[in-house]
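Working notes, structure below.
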Amino acid sequence: MVVISNGFNKFHLSVAAAEAQKRGLLTAFITGAYPNPFLCECLRLLKCSQQRKIARLLARKEAIPDCLVHAMLWSEILYQIPYLLNNQYLTELSMKLNVKSFLDYGNRAATRLRIATSKGAKLYHYRAGFGNRSVEIAKSLGMFTLCDHSIVHPMILDYMVNHNGAWPDAGAQLELSAIWQLIMDDVLQADAVLVNSDFVKETFIYQGYNAANLNVIYSGVDDAFYSAALRCADQRPRDHSSRPLRVLFAGSFEKRKGIEVVMEAFRRNHDLNCELTIAGTIAAKVRKSNVDFFSDLRVRECGALSREELALQMSRADVFLFPSLAEGSARVIFEAMLCGCYIITTNNSGSIVINNEHGRIVMPGDVHQTVMALEEAVMDREKVWEIGQTNQSLIQSKYRQSCYGDNLAKLYWRLLAR
């Protein structure tokens, strides 16, 4: 009944496809590079399956029959070329190659839709930016088109990042890059749009999008991370009388994620009895311009982590700090809650966190509020522990992969009934 198009990299639509398959709803799964038998055999012969990037590729595997998976390997190779070149003087060429890879993916996906409709497919669920010509073809074949968009409205994103999470004037028409224009075009040509948080929905309505065509489903925590968290459950710290509060930040250490707030919060309060672990990539220019912060003995780096390693770090932490300026719905917050963390974040993270119930909500870009939230956590360790336990129970009961699958199936049936 449903064709799901994931685009490149590991994205939540691969989980959506696995859940649709469990319910007998999946006709085809279109994606970028995928560890099908042919690719796995090539990697085995090349003896490179232990490399971190290759391991991440292999982790894209889902519980979907290979006969339903259509991997657009060459489209993703084209997309990866600019990153392999890694040359700052080839920015314009890199953008053109990225656009070409998206368009190529959409063209290849269109050919799969003709076959899928002959097998009874009626709904095309595609990732924004990767639809392009395939959406037009889907409509001509009588399919209902559902665009999946996972971050704030494109017209708002850059403004929020550059203005400490503030909103632009309502209906502002800001300039978009070529890639973001593709994404916006996909949103506008869809019959309906699926977003991953009420916050993202709010940004679309703010920009004048029809609320009746917007649908919200939080993806929560997938089964792979859930299993990893269970294996790390015995690492949860209960001895919190005198040791420093363990604070964790996870994700790319970049402006959009609120890193300037994180760094300034630690700079302003040298007596704060806590230690910060950063799990994620840190750009050389960020490190170079913030030597004082990275030389702080309370700050520790552990680089980009596997899902298993991240689950271990989250299970050992007391507080998860994520003062993002603009997200869709930060998956790491759901994962940290599952691992029993107290959360300090912003409304712009698109999470389910309620102030004083799951942790603390601070204003984006507000260093003072962030410091106050950390100080409160240091002073009341028992409350931090208790809220962490509540967070864990909430994710276990309402935000597992199967919950996402159930909600998605209900949406499919409701849209088709229209």
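The values are calculated or read from the model by the stated rules, or taken from the named source; none is laboratory data. Everything quoted here is computed from the prediction, not taken from an experiment. Cβ atoms come from the backbone with ideal geometry, glycine included; neighbour counts cover every protein chain shown. Calculation scope for accessible area: heavy atoms of the full protein, side chains included, ligands and nucleic acids excluded. Shrake-Rupley method; radii C 1.70, N 1.55, O 1.52, S 1.80 Å.
Structure notes:
- Over the C-alpha trace of segment 93-186, radius of gyration and Dmax come out as 15.7, 50 angstrom.
- Computed magnitude of the charge dipole of segment 264-418 (debye, nearest 20; Cβ of K, R +1, Cβ of D, E -1): 720
- Helix axis angle, 37-46 relative to the chain longest principal axis, alpha carbon, degrees: 60
- Gained length - SER397 relative to ALA166, 0.36 nm times residue gap less alpha-carbon distance: 79.8 nm
- The calculated FRET efficiency for the pair ASN107 and ASP292, based on their C-beta separation and a Förster distance of 45 Å, comes to about 0.35.
- For segment 169-315, relative contact order (Cα pairs under 8 Å, six or more residues apart, normalised by length) works out to 22 percent.
- Accessible surface of the chain [probe 1.4 Å, protein heavy atoms]: carbon and sulfur percent: 52
- Using C-alpha pairs below 8 Å separated by at least 6 residues, the relative contact order for the chain is 14 percent.
- In nm, spacing of pseudo-spin labels at LYS383 and ASP406 (7 Å Cα→C-beta vector): 3.3
- The residues of the chain expose, per residue, 45 Å² of accessible area to a 1.4 Å probe.
- Principal semi-axes of the equivalent ellipsoid, √(5λ) from the alpha carbon gyration tensor of segment 189-301, are 35, 22, 14 Å from largest down.
- Taking the Cα centre of segment 217-316 as origin and assigning +1 to Lys and Arg Cβ atoms and -1 to Asp and Glu Cβ atoms, the resulting dipole is close to 200 debye.
- Computed magnitude of the charge dipole of the chain (debye, nearest 20; Cβ of K, R +1, Cβ of D, E -1): 1380
- The alpha-carbon atoms of segment 1-122, seen along their principal axes, cover 48, 32, 22 angstrom, with the largest extent given first.
- Mean sequence separation of contacting Cα pairs (under 8 Å, at least six apart), scaled by the length of segment 136-226, corresponds to a relative contact order of 33 percent.
- Tilt relative to the chain, helix 367-379 - C-alpha long axis, 0 to 90 degrees, to 10: 60
- Span per principal axis, largest first, for the Cα atoms of segment 340-418 (Å): 52, 27, 14
- For the residues ASP296, ASP169, a 1.4 Å probe over the protein chains yields an accessible-area ranking, largest first, of ASP169, ASP296.
- Extreme residue, positive dipole direction of the chain, given options HIS125, LEU146, PHE29 (C-beta unit charges): PHE29
- log10 of Debye I(q)/I(0), alpha-carbon scatterers only, for segment 251-343 at 0.20 Å⁻¹: -1.08
- When the P(r) of segment 152-236 is calculated, the portion above 16 Å amounts to 62% of the C-alpha pairs.
- Nearest-ten-degree value, helix 401-417 long axis tilted from longest Cα axis of the chain: 40
- Theoretical FRET efficiency, 1/(1+(r/R0)^6), r = Cβ-Cβ of ARG231 and LYS285, R0 51 Å, to 0.05: 0.90
- Dividing the convex hull volume of the alpha-carbon atoms in segment 313-357 by its residue count gives 62 Å³ per residue.
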